[in-house]
Every structure is written in C-alpha cells, then in structure tokens.
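Each value in this text was obtained by applying a stated rule to the coordinates, not by laboratory testing. Given the structure is predicted, the values throughout are model-derived calculations rather than measurements. Backbone-built Cβ (ideal geometry, glycine too); neighbour counts: all protein chains shown.
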C-alpha cells in the first residue's frame, strides 16, 4: 500500500514538473519573440535607407494634403468664375435683346433721336439738302469748344445711313461699325452723324469691344453735345464704365448727364442708374 502511494505521488510530481518546464519554455519563447521584434525595429530605425524612405513617405503625405487643399481652392474659384460669367452673360443677353427689339421695331431709326433728318422725295437732284426736324435741338450745359456746325442730311447721306443701319438690323455688327465709321468720316457735319457715332458704339459694345465703344460714345457727346444722341451716348458710356467696375467714373458721368440733359429721358435713366449704383457700392 505504501509502495503504491509512493508511485502515485512520484507520477504527480513528474507531471507537475513537465507542466512547469513547458510553461517556462513558452514564456521564454514569447520573450524571445518580443525581443526579436524590438531588435528588428531598432535595426530598421538604424538603417539609413529605411529612414530616408520614411521621410519621403512623410513628405509625399504632406504634398498630397497640400494638393487636396489646392484642388478645393481651385474648385471654389472656378465656381465663382462660372457664377460671374453667368451673370455677365445674362446682362449682355438682356442688353442685346433690348437693342435688337428696338432696331426691329423701327424705333431705333425713327424715334430714338428727334435730331434725325426727315426725308422727303427730292424734286431736284439727289444731293438736294433735306429739311431737318422742326423741333429745336436740345440745350446742353457742356462746353462747345469741340462743337461743329450740323447741317440737315441730304438724300445721299440718308441713303448711306440707311445702308449702315440695315447692317445693324441684320446683326452684322462688324460691317455696321465700318459703315458708320465711313459715314462719320465722309459726312461729319450731317444731322445723322451723331446717330452714326452712337450706333457704332452700340455695335462695338455688342461685340464686347468696351474700350472702342467708350471712345465712340465719348466722341458723340463731345463732338455733338447739342444733339439728343449726345445724352444717350453719355448714358451708355456710364453704363459701360459701371460694368467694368469703374464705379466713380460711372457716377461722375451719370451726374454729368443729369446736369447737362435734365430735360431728356436719358437724364431720368441716369438718375435711376446712379441711385442703383450708389446703393450697390454702399
């Protein structure tokens, strides 16, 4: 009985010893694995190539973030440009529609300016002078140092003007510009000269030639200040300046139009637009 007990006890001791040895081996193996990993990381950290690669990756990450920011900024700018272009397109389209409507309705030729000559069937040769409109020309407070003598339009002049205006009605703006320019060169004293200069400016404006349009309008109100078209030209010049962001110049020209032509419709339009421009700039 004693012997059997001793044998069982010895077996338990051996089993416990084996378990202990196994546990110690596992712990040692785990410890070695951690140490090996640390050593491997240390070797990688000490490796110049790995350090350089790590730096490059970090730099590339920063560059990518910068590019993302630049893309966002460009998207925002593009959106602003698109919105601005859409607004400008709508304004130009509205202006062009109004212009074409005025031309097609016949008001552009017959009623836009009362200083346009009245044509009668000539009993004499074509160069016979035709009576001008009976209504006296508008008064202007502008200086008359550049004022030229205006004479009633002849049938020849009326024919040349109608041909130029016909190109305008056909939306052949470049050809109209050339025709009106030729009219001004050939007939600078004609009662239709101010009309020619005005419509030359309008055609330039439709084509987006703002500086040329300004020059044409300025020539009208400086050279023919006592005509009705001078007031319209000054109004349109101010409109273009406003569209170009030249707010102070536009305001000054609106005020000048109001003062010089207070009895004409252009002055009333100038008052309204000056009020709108002043409100927008405040």
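Between residue 268 and residue 149, the contour length at 0.36 nm per residue exceeds the Cα-Cα span by 40.1 nm. For a paramagnetic label modelled on residue 243 (point 7 Å from Cα along Cα→Cβ), amide N atoms under 17 Å away belong, within region 254-268, to 254. The label point for residue 68 and the one for residue 52, both projected 7 Å from the Cα toward the Cβ, are 2.9 nm apart.
From most to least packed by mean Cβ count within 10 Å, the peptides 229-240, 58-69 give 229-240, 58-69.
Here the residues 247, 206, ranked from fewest to most Cβ neighbours within 10 Å of their Cβ, fall in the order 247, 206.
Once both labels are positioned 7 Å from their Cα atoms along Cα-to-Cβ, the gap between residue 35 and residue 186 label points is 10.9 nm.
Determine, from the Cβ-Cβ distance of residue 215 and residue 77 and an R0 of 22 Å, the FRET efficiency 1/(1 + (r/R0)^6), rounded to the nearest 0.05. The partial results should precede the final answer.
Numbers: r = 33 Å, r/R0 = 1.48.
After rounding, the FRET efficiency stands at 0.10.
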